[in-house]
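Structure first, commentary second.
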Amino acid sequence: MRIDILSVVPELLRSPFEASILKRAQDAKCVEIHPHNIRDYSTNKYKQVDDYPYGGGAGMVLMIEPIAKCIETLQAERNYDAIVYMTPDGQQLNQKVANRCSLFKNMIVLCGHYKGVDQRVRDLFVTEEISIGDYVLSGGELAAAVFCDAIIRLIPGVLGNETSALTDSFQDNLLAPPIYTRPVDYRGNKVPDILTSGNTPKVEQWREEQAVERTKKLRPDLL
Ligand code: ADE
């Protein structure tokens, strides 16, 4: 998968992709991340990318020309399965959306900033609008990092243990069961006996029961 991320502050996108699973996914050539600075596509001599909103009001709006130029430059090189705009008024990201998007081969992710982008960018270019939750961030960059993390870990070969993503919370509409590691006894708080019994079918059955119990208690809306 190739992901092109468009932003006016691409520095914000650096660290999430420079460590751990997202770095290993790139090193293993499972995914290519290409950040682009929208300012590099401004034709204005001041490299302007934003302007006041027509009709007045607070905040600046990202202009269409530099964004269009960046998108069109990329589209001249390859076809894109989706042009995603990160915005709090988009479809809320969940595991189902992540699963679907993890199948894309080429994707553009556009990050808003200030008040957002000129509506015509959304009308003319954007194919999906995604929110990571009902709260407003200063820009779409952190949301884009969250979105990319959720989909990259689903790409085959990214996680060492191939079954690992399949046993994540939400993958079967259930929360994950409790997990433990050493020591077996921490100040009298013991790991459930079943997990140290060596009886794999019983462990599996226990995990399933725990997942259902947890979901009933914490997220009954998922059942
Ligand atoms: N940009 C600002 N807030 C956001 C959110 N909650 N989700 C996605 N993009 C955003």
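Structure summary
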| item | result |
| --- | --- |
| For Asp134: the one exception among (1) modelled with pLDDT of 95 or more; (2) within 12 Å of the ligand (Cβ to nearest atom); (3) closer than 26 Å to Asn37 by Cα; (4) surrounded by fewer than 17 Cβ atoms within 10 Å (Cβ to Cβ) | (3) |
| Residue tally, condition of a type in the set (Phe, Trp, Tyr) and farther than 20 Å from Ser102 by Cα, over the range 1-49 | 2 |
| Any chance Leu195 is within 30 Å of Asp221 (Cβ to Cβ) and either touching a strand residue (DSSP E or B) at 6+ places or on another chain (Cβ under 9 Å) or outside the structural domain of Lys96 (by TED's automatic domain parsing) (or both) | yes |
| Single match in Val117, Val126 (criterion: under 11 Å from Gly90 (Cβ atoms) and either touching a Phe, Trp or Tyr at 6+ places or on another chain (Cβ under 9 Å) or among the aromatic types (Phe, Trp, Tyr) (or both)) | Val126 |
| Which numbered condition Cys111 fails, given (1) away from the ligand (no atom under 16 Å from the Cβ); (2) in contact with an Asp or Glu (Cβ under 8 Å, 6 or more places away or on another chain); (3) closer than 19 Å to Ser7 by Cα | (1) |
| Every residue from the range 2-32 that is hydroxyl-bearing (Ser, Thr, Tyr) and either in contact (Cβ under 8 Å) with a residue 12 or more places away in the chain or within 28 Å of Ala68 (Cα to Cα) (or both) | Ser7, Ser15 |
| The range 137-172: number of residues that are of a type in the set (Gly, Ala, Ser), closer than 14 Å to Cys101 by Cβ and open to solvent by 50 Å² or more (accessible area, probe 1.4 Å) | 0 |
| Options Ser42, Ser20; residue that is under 27 Å from Leu154 (Cβ atoms) and among the hydroxyl-bearing types (Ser, Thr, Tyr) | Ser20 |
| Count of the range 1-45 residues which are open to solvent by 50 Å² or more (accessible area, probe 1.4 Å), modelled with pLDDT of 95 or more and either not in a helix (DSSP H, G or I) or not assigned by TED's automatic domain parsing to the domain that holds Ala145 (or both) | 8 |
| Some residue of the range 66-73 being assigned to a loop (DSSP other than H, G, I, E, B), open to solvent by 90 Å² or more (accessible area, probe 1.4 Å) and more than 15 Å from the ligand (Cβ to nearest atom) | no |
| Residues being buried (at least 20 other Cβ atoms within 10 Å of the Cβ) and within 15 Å of the ligand (Cβ to nearest atom) - total across the range 97-107 | 2 |
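The values are calculated or read from the model by the stated rules, or taken from the named source; none is laboratory data. What you are looking at is a predicted structure, and each value in this text was computed from that prediction instead of being measured. Positions of Cβ are generated from backbone atoms using ideal geometry, with glycine treated the same way; all protein chains shown enter the neighbour counts. Ligands, DNA and RNA are stripped out before the accessible areas are found, and what is left, the full protein with its side chains, is counted by its heavy atoms. Shrake-Rupley method; radii C 1.70, N 1.55, O 1.52, S 1.80 Å.
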